[in-house]
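These notes are about the structure you will find just below.
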Amino acid sequence: MEAKMHKDYKEEKEKLENVKKIIVEEIELLSNKSYANLNEDVIPDMIHMDNQRMKKLNITTHNPYFGRIDFRENNQEKIEKIYIGKVSIMDYESENDGVMIITDWRAPISTLYYDGNLGNVDYHCPAGIIDGELLIKRNYKIHNGYLEKITDVDVSAIDEMLLEALEDKKDTKLKDIVSTIQAEQNEIIRADLMKSLIIQGVAGSGKTTIALHRIAYLIYTYKHRYKAHDFMIIAPNKLFLQYIEDMLPELGVEDVEQTTMEILTKNIVPEPFDIRENDDKLKRMINNNSNHELLKSLRTISKIKTNLMYKEMLNQYVNGIITEILPTDDFIFEGVQLIEASQLAEMFYENHKRYSVLKSIKLIKRLMTSRFENNKSDIEDNIYDMINMKQMNLQKNEINRFDYNEEVKKNHLEQQLRVKNMKKNFTKQMNVYLREPKKSILNYYAQFLMEEKLIKKLIEDEESLMDSFREMSNNIRKKKIVEIEDLPALMYLQHRLKGVQDITNIQHVVIDEGQDFGVFQFYVLKAIMKEATFTILGDIAQGINYHRGTTNWKHVQHQVFQGQCQIKNLQQSYRTTVEIMNAANQVIKKVDDENIIPAYPVLRHGLEVEKVKKNSYKEIVDCIVLEMNKWVKEHNSIAIICKNNQQCENIYRQITNNGIHVQWLKDRDSKYSHQIVLLPSYLAKGLEFDCVIIPDAGENHYKMNKLDGMLLYVCMTRALHELRIFYVKDCSDLLT
């Protein structure tokens, strides 16, 4: 209700004014803080901490909290009034010095705001389980420091509050949901850091938002053990990173590593190489969907490279490299045996099998060097003995005195040099005896692709596919170009042969759009970041990259995590209206896949999905142009989503010729910043818009097959409030 109509308005207004005053005072205090009396070593850290605190306070100045709970702990008379916001605030100035006046949304007790109904409740905290009674749950709408609404929350009020948030217009950035987190979302956000999670979430279930809130929660909860840089987000592309870039700072979190698989691979494999465009194969499949031989070849090779059998072949290849490296003879230096060949092999295959080949070699060389140091006196004695033996042999030979003296001098000099250069000669002989893997990872991989015995185990003797692997090897050797599906293999070879350094200390990894990752990809990340747990979020129904992605989460659960990973389903969709979600569900039902879980929309109604038939593509464009003036007044964000970039090019030319300013997102590196955007279907995943227009939904564009069904489903589920579909002649069978 309107704040002024609420019975506690006066009290709540005074509370708000008091909180705002305290925030301003703390900002002023931090602004004028002197560091003169502090130890110089701690000043930079203190300044950084204070600057971070000021950022948080400035964010929350005009909207310091969004909720309140009144809680009475069992066997206690006092009722605690707990106000909940994005940033915790203490009162240090008044008579309530040291009292928490705003509680962080991530604090244990705050879970009662999200999960608890009025009455008997409990929550978990470090001290154990706290039981009590929840007396009031209240929501506030505060805008620019002004108290606009106060709502005492029960189940129906939660629905009203959520619906109001969902009705908001969308801009070019993802926003936080701290005030409207739902119980099933809260459970995932607060799940134990020590356990990995796979979240199968339908379109609009808030997967990305949950992922970012989860990181914010974990950093807050484990702040005494881990820093922000111990966490990593792996996003599908740079466009997606730009879309989410403001979210974590709004939640008070900085310095979390945000990357993509392409960037991560280039950091792990420190060699110059280029990666074919992320969507290269997908675009070829979309543009050649009637060429069944080409489709079969593209999908087969992609599936080979992204499953664990590929890893097994890479292991056999690496074992072959180890066999070439390992000597068959014992290492003897100046007559002293420092290591046996059998012991060397045992160390490689048993003692050091958890290490890379390079690290194993370095450890063994360190051992050999230590043995050299311990046996120096024996080595010197052997050198003397060998020279003395030469001297004795000289005496036995009948040579003139001059030659004899020259040989004695030469032997004496040799003895001096061998003793003097003992360490240098040992190192040289050791490096020849045990060679380090010197080739680049790219060259090793190119060589692997030519290993016919191994590759034919994967392709079942299809010679045409072998030709494809040869061509890939040639491209890598000559052009240094790899495909997106090659990245796990490159990372794995780096891990096995030379080791990975910089990211091994990561404690938790969040992967969004996880359905686009193959099992091998997950395996490699887990192998490299051994100490990390994972939160993987995705939707099988949006698996447009199923040729290289995951189609069954149980495969990941068992093959990567050996069952030590929980799968949770989110079926509630908060993005779209009932009308839009029902239409999208009708499309995805026609995709024959038992792993696809349908979405259930929040009960929010809107306009019916309109399917408009026109006689030509020009008529469609004319209609869009005619209606655009109305749409731009009603919506903050509008997307025209074509199936591919060729169709985008056609519509872009015609629309701009009619004076409409539209931004064309051509690739995953594009910057999304305009009210009206034009993009191909395969770039739409993960984004959302107030209004979506699909201008090419005819049967000649979207056919009755799995890929087209998923693409159309993705396009339709980008719309929050309005969806308009156009087609020429006959509508796609997916929509009928």
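The values are calculated or read from the model by the stated rules, or taken from the named source; none is laboratory data. Only a predicted model underlies this, so the values are computations on that prediction, with no experimental measurement involved. All Cβ positions, glycine included, derive from the backbone under ideal geometry; neighbour counts span all protein chains shown. In case anyone asks, the SASA skips ligands and DNA or RNA and just uses the protein heavy atoms, side chains included. Shrake-Rupley method; radii C 1.70, N 1.55, O 1.52, S 1.80 Å.
Observations on the model:
- Only residues that are assigned to a helix (DSSP H, G or I) and open to solvent by 70 Å² or more (accessible area, probe 1.4 Å) were counted across the stretch 1-17, and they come to 7.
- For the residues ASN431, ASN421, ASN375, the requirement of being of a type outside the set (Lys, Arg), at pLDDT 85 or above, farther than 25 Å from SER342 by Cα and under 56 Å from the mean Cα position of the chain (by Cα) singles out ASN421.
- Scanning the stretch 190-230 for residues that are assigned to a strand (DSSP E or B), touching a Gly at 6+ places or on another chain (Cβ under 9 Å) and either aliphatic (A, V, I, L, M) or free of Cβ contacts under 8 Å to residues at least 60 places away in the same chain (or both) returns ILE198, ILE199.
- From the options VAL621, VAL714, residue that is closer than 28 Å to ASP730 by Cβ and under 26 Å from the mean Cα position of the chain (by Cα): VAL714
- Across the stretch 363-390, the qualifying residues are those that are touching a strand residue (DSSP E or B) at 6+ places or on another chain (Cβ under 8 Å) and open to solvent by less than 70 Å² (accessible area, probe 1.4 Å), and the one among them that is farthest from TYR349 (Cα to Cα) is ASN382.
- Once the stretch 73-108 is narrowed to residues that are of a type in the set (A, V, I, L, M), open to solvent by 40 Å² or more (accessible area, probe 1.4 Å) and in a strand (DSSP E or B), the residue that is modelled with the highest pLDDT is MET100.
- Filter pass, LEU218 being more than 20 Å from ARG575 (Cβ to Cβ), surrounded by 19 or more Cβ atoms within 10 Å (Cβ to Cβ) and at pLDDT 90 or above: yes
- Residue within the stretch 240-252 that is at pLDDT 90 or above and either touching a His at 6+ places or on another chain (Cβ under 8 Å) or open to solvent by 20 Å² or more (accessible area, probe 1.4 Å) (or both) present: no
- Looking only at residues in the stretch 38-61 that are outside any helix (DSSP H, G or I) and not acidic (Asp, Glu), the one that is nearest to ILE89 (Cα to Cα) is THR61.
- Hits in the stretch 482-506 - residues which are at pLDDT below 95 and either touching a strand residue (DSSP E or B) at 6+ places or on another chain (Cβ under 6 Å) or among the polar types (S, T, N, Q) (or both): GLN501, THR504, ASN505, ILE506
- Top-ranked residue of the stretch 415-457 - restricted to ones that are farther than 22 Å from LEU363 by Cα and aliphatic (A, V, I, L, M), ranked as surrounded by the most Cβ atoms within 10 Å (Cβ to Cβ): LEU449
- Contacts under 8 angstrom Cβ, first residue in the stretch 508-534 being within 17 Å of GLN557 (Cβ to Cβ) and without any contact (Cβ under 8 Å) to a residue 60 or more places away in the chain, partner buried (at least 23 other Cβ atoms within 10 Å of the Cβ) and polar (S, T, N, Q), 6 or more apart: GLN515/GLN542; GLN515/ASN545; GLN515/THR550; PHE522/THR550
- Some residue of the stretch 120-139 being hydrophobic (A, V, I, L, M, F, W, C) and in contact with a Ser or Thr (Cβ under 9 Å, 6 or more places away or on another chain): no
- When ASP45, ASP50, ASP70, ASP41 are checked against the criterion of being farther than 22 Å from LYS141 by Cα and surrounded by 14 or more Cβ atoms within 10 Å (Cβ to Cβ), ASP50 stands alone in meeting it.
- GLU271 modelled with pLDDT of 90 or more, out of contact with any Asp or Glu (no Cβ under 7 Å at 6 or more places or on another chain) and open to solvent by 70 Å² or more (accessible area, probe 1.4 Å): no
- The residue that is least open to solvent (accessible area, probe 1.4 Å), among those in the stretch 686-736 that are of a type in the set (Lys, Arg) and at negative phi, is ARG718.
- Annotation: GLN501 fulfils all but one of (1) more than 30 Å from ILE387 (Cβ to Cβ); (2) touching a residue at least 24 places away in the same chain (Cβ under 8 Å); the unmet one is (2).
- Total residues in the stretch 123-146, condition in a strand (DSSP E or B) and open to solvent by less than 20 Å² (accessible area, probe 1.4 Å): 7
- Matching entry among MET313, MET309 (being at pLDDT 95 or above, farther than 30 Å from SER681 by Cα and open to solvent by 20 Å² or more (accessible area, probe 1.4 Å)): MET309
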